[in-house]
Amino acid sequence: GRSPAALLTAQMTETPPPLSVARPDAPVPLVELVRRCLEKDPARRPQQATEIIQGLDQALVSSGHSALGGAGIAADQPARQTNRTVLALAVGAMFVVAATAAVIMSRRTAPASATAADSTRSVAVLPLENVGGGDSDRYFSEGITDELTSTLGKIPGLRVASRTSVFALKGKGMDAREIAKTLKVSTLLEGTIRRSGERLRVTAQLTNASDGLALWSDTYERQMKDVFQVQDDIAGSIAGALRMALAPTPNRKQGLATGTVPAGTEDLAAYDLYLRGRYFWHQRGNEALHRAAEYFGQAIDRDPTFARAYAGLADALGLLPIYGSTPPDSAFPLARKAAEKALSLDSTLAEAHTTLGLILKSTGEWEPAAAEFRRGLALDSNYATGHQWYAEVLIITGRVREAVAELERARDLEPLSPIINAELGYALGLAGRYQEGSVAGQRAVELDSTLWTGHAFLAFTHAFAGEYPEAVAGFQRAVRLGQGLDPLLGALSFCLAKTGQTDSARAAFAPAEARAKGRGGSPIAMAMAYTGLGDRDAALRWLARAAKEKDPWLYAMSINAPIFDAIRDDPRFAQAATTMKLDPAAMAKPSKGT
């Protein structure tokens, strides 16, 4: 009387009634044998064919089959073999009937499960639960989650929800359907991971989000040295469950059987250090990025051929001038060297191309940077960060419409990323699409109100639209959350001046000006502040210094933004653009969708 879906759920979750319920005359050993064969945990089923034979022998003895003549069982070997074969055929027929029924049921439910997966072919890898380990092992479970996401992302035709968007839902108390709806995926991969010494146990289950039915599940008991193979096995099984082939990729070595990849390492200690580095890299912030760089460096010390460790080191060093106080001329040369080393070891690393693009962008090498971003995206078109950073080059060089398209693609890949939503709002504001920009910026703030980035980009959008009181409020929140970052103080001063609060504007940028007179300050902060105050000479003097010193904030924002309109017609502005290797003619007018 059950529906097909309910029956399939029962097969996965309920203990079946014993065979004796339907056949009271069945021998007890046969009832027990069937029960063991129907165990849900494969490890509890008979592991050898001899166990099945022994169970059938016991069933024959117990049944006292009349053809064997009681005491003649042991002596009458041919008769015993014949009857055992008959019983085996009968048991086999029972399993064939059951399997056939399961196939029929699965076909009946195809429109609700398999067909849905085939039509969308999308998956989200939920954070693997760290079982039995302490907080020190959290990095490992999160790292393996990232690795699975990356491996699945290489399956042609499969859309994989980004790590950022998935982890944004962690701890929200959402059920499977809510998660799938939010991430716009049809299937969810969830599981657990337990590490004990050199042993590794991973359980994984692929679930159809529409009805909660399991499409595939498995448990892997391996040595830690097989961690790479486990990742490939899971990806291959999911590909099969979704009826796709796991296409070979350039970074596989001798097929998948070896369990190693040239972008990886055979040194498990190095791999462990790499996962620790990625764990801290995702947290951003000055301290976290320094710790990430340390772990990546230790991984390189363990294995100097570990390409992904070099890429991770480049990622950490490349972000330090933006999220910390490290001077650009200290971090960028080292970051570039690490990225180039990663690519010399493995030219197929999309993240290494992307990071090299970031470093080239940060030093004003716009076209080489764009080329690296395009190479990275050609290798991994689902890398949202690649689309995001490529969009930044397009914004700076005045190709705002193209930048909006790239950021929309990044937003589609990572819908829950507050930074990507914030940058999309900024780009829309540059394009003159103020209402849409405000919506995207507000979305960024809603996703994470504790990040200064969302408040700052939303405030810039208000400033571009001439909504200065709203911009002031936004920058004030950003300054508090960003612990007084100088460029935020400069932008706040600009907007305060535009609302007529001259004294407040000067007070706001005074600490930034004191720092800017030394090596650790931000010249572009002063250029914004003095532009707002109407002091053209001071603004242009600071802008020239920012361009010469390659202020990382100047090289991360567009000088064709409306905030610089008051000084745009001055020849010194064109000279600053030339210093930045930008087209002075393109920078001579505000963006507004160019």
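What to note about this one:
- Out of Leu458, Leu533, one residue alone is over 19 Å from Leu428 (Cβ atoms), touching a residue at least 12 places away in the same chain (Cβ under 8 Å) and among the hydrophobic types (A, V, I, L, M, F, W, C). It is Leu533.
- Conditions (1) acidic (Asp, Glu); (2) at pLDDT 85 or above; (3) not in a helix (DSSP H, G or I): number failed by Glu32: (3)
- Test for Ala514: is it among the small types (Gly, Ala, Ser), modelled with pLDDT under 90 and either open to solvent by 60 Å² or more (accessible area, probe 1.4 Å) or over 29 Å from Lys548 (Cα atoms) (or both): yes
- All positions within segment 435-448 that are in a helix (DSSP H, G or I), surrounded by fewer than 24 Cβ atoms within 10 Å (Cβ to Cβ) and not hydroxyl-bearing (Ser, Thr, Tyr): Gln435, Glu436, Val439, Gln442, Arg443, Val445, Glu446, Leu447
- Among (1) over 23 Å from Thr363 (Cα atoms); (2) modelled with pLDDT under 90; (3) not polar (S, T, N, Q), the one test that Trp281 misses: (1)
- Yes/no for Arg536 being farther than 17 Å from Leu496 by Cβ, open to solvent by 50 Å² or more (accessible area, probe 1.4 Å) and touching a Pro at 6+ places or on another chain (Cβ under 6 Å): no
- Within segment 421-439, considering residues that are without any contact (Cβ under 8 Å) to a residue 60 or more places away in the chain and either among the basic types (Lys, Arg) or touching a Ser or Thr at 6+ places or on another chain (Cβ under 8 Å) (or both), the one farthest from Asp565 (Cα to Cα): Ala422
- Scanning segment 185-213 for residues that are of a type in the set (A, V, I, L, M, F, W, C) and within 22 Å of the chain's Cα centre (by Cα) yields Val185, Leu188, Leu189, Ile193, Val202, Ala204, Leu206, Ala209.
- Qualifying residues in segment 517-538 (those that are farther than 21 Å from Trp452 by Cβ and within 41 Å of the chain's Cα centre (by Cα)) - the one modelled with the lowest pLDDT: Arg519
- Selected residue (criterion: farthest from the chain's Cα centre (by Cα)) from residues of segment 403-418 that are open to solvent by 40 Å² or more (accessible area, probe 1.4 Å) and either at positive phi or modelled with pLDDT under 95 (or both): Arg409
- In segment 4-14, the qualifying residues are those that are out of contact with any helix residue (DSSP H, G or I) (no Cβ under 9 Å at 6 or more places or on another chain), open to solvent by 60 Å² or more (accessible area, probe 1.4 Å) and not hydrophobic (A, V, I, L, M, F, W, C), and the one that is modelled with the lowest pLDDT is Thr13.
- Selection within segment 236-271 - surrounded by fewer than 21 Cβ atoms within 10 Å (Cβ to Cβ), at pLDDT 50 or above and of a type outside the set (A, V, I, L, M, F, W, C): Gly236, Ser237, Gly240, Arg243, Glu266, Asp267
- Scanning segment 344-359 for residues that are crowded, with 22+ Cβ neighbours inside 10 Å and touching a Phe, Trp or Tyr at 6+ places or on another chain (Cβ under 8 Å) yields a count of 8.
- The listed residues are Ala546, Ala508, Ala556, Ala525, and the only one of them that is touching an Asp or Glu at 6+ places or on another chain (Cβ under 9 Å), crowded, with 24+ Cβ neighbours inside 10 Å and not aromatic (Phe, Trp, Tyr) turns out to be Ala525.
- So Gly432, is it outside any helix (DSSP H, G or I), open to solvent by less than 80 Å² (accessible area, probe 1.4 Å) and under 16 Å from Leu496 (Cβ atoms): no
- Looking only at residues in segment 288-328 that are β-branched (Val, Ile, Thr) and part of a helix (DSSP H, G or I), the one that is most open to solvent (accessible area, probe 1.4 Å) is Ile322.
- Any hit, segment 377-393, residues being assigned to a helix (DSSP H, G or I), open to solvent by less than 10 Å² (accessible area, probe 1.4 Å) and touching a residue at least 40 places away in the same chain (Cβ under 8 Å): yes
The values are calculated or read from the model by the stated rules, or taken from the named source; none is laboratory data. All values reported here derive from a predicted model rather than from experimental measurement. Please note: Cβ atoms are built from the backbone with ideal geometry, for glycine as well, and neighbour counts cover all protein chains shown. The accessibility values were calculated without ligands, DNA or RNA, using every heavy atom of the protein model including side chains. Shrake-Rupley method; radii C 1.70, N 1.55, O 1.52, S 1.80 Å.
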